Amino acid sequence: MPLASLALFFGTLFLSTTASALAAVATLLLMRLLVAFPALEPFLLTTYLDLHLRPEAAGLGLSLLLIYTLGFAFLGALVFERKDL
């Protein structure tokens, strides 16, 4: 769900499905590069994408995934409301 809401946010921002898909993938790749900073790692989206393999991290992981999903969905709705189509 966070990836879908991220792509939805970029879709409303760019008004192009190709650009939104590429921007979502680029954002995920950028987050994978930010793993080099240990202080940021617990808060990155890409840290919890394999949550089904690590059930011991479900407490913090599920709450952060929900925050990412709601945040990107809210930003997408906000951009959509302000766009003049």
(request) Determine ³J(HN,Hα), in whole Hz, for all residues of the range 65-71 in sequence, where each value follows from phi through the Karplus function 6.51 cos²θ - 1.76 cosθ + 1.60 and θ = phi - 60°; x replaces Gly and Pro. (result) 5, 5, 5, 4, 4, 5, x
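Ignoring everything except DSSP H segments at least 4 long, calculate the 222 nm mean residue ellipticity for the chain; use -39,500 (n - 2.57) per segment, divide by total residues, nearest 500. Display every interim value, and only then the final one.
Numbers: 3 runs with 55 residues, N = 85.
One gets -22000 deg cm²/dmol as the mean residue ellipticity at 222 nm.
Sorted from fewest to most neighbouring beta carbons within 10 Å, what does the list L64, L29 look like? Write down the numbers at each step before the final one.
Details: L64 19, L29 11.
Arranged by neighbour count, lowest to highest, L64, L29 become L29, L64.
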(request) For Cα extents along the principal axes in Å, several values are listed as (i) 38, 31, 27; (ii) 45, 23, 21; (iii) 40, 28, 21; flag the one computed from this structure. (result) (ii)
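Expressed as a rounded percentage, what relative contact order does the chain have, with Cα pairs under 8 Å and six or more residues apart? It would help to have the intermediate numbers written out before the result.
Details: 69 pairs, mean separation 36.7, N = 85.
Dividing the mean separation by the residue count of the chain yields 43 percent.
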(message) Can you work out the Karplus-derived ³J(HN,Hα) for every residue in the range 11-28? Use 6.51 cos²θ - 1.76 cosθ + 1.60 with θ = phi - 60°, whole Hz, and x for glycine or proline.
(response) x, 6, 6, 9, 6, 8, 5, 5, 5, 5, 5, 5, 5, 5, 5, 5, 5, 5
(request) List, in order, the whole-Hz ³J(HN,Hα) value for each residue of the range 41-57 obtained from phi through the Karplus relation with A = 6.51, B = -1.76, C = 1.60 and θ = phi - 60°; use x for Gly and Pro. (result) 4, x, 10, 7, 5, 5, 5, 10, 6, 9, 5, 5, 8, 10, x, 6, 9
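Readers should treat all values here as calculations from the given coordinates under stated rules, not as data from a laboratory. The model shown is predicted, which means the values in this text are computed figures rather than measured ones. Reconstructed Cβ throughout: ideal geometry from the backbone, glycine too, with neighbour counts over all protein chains shown.
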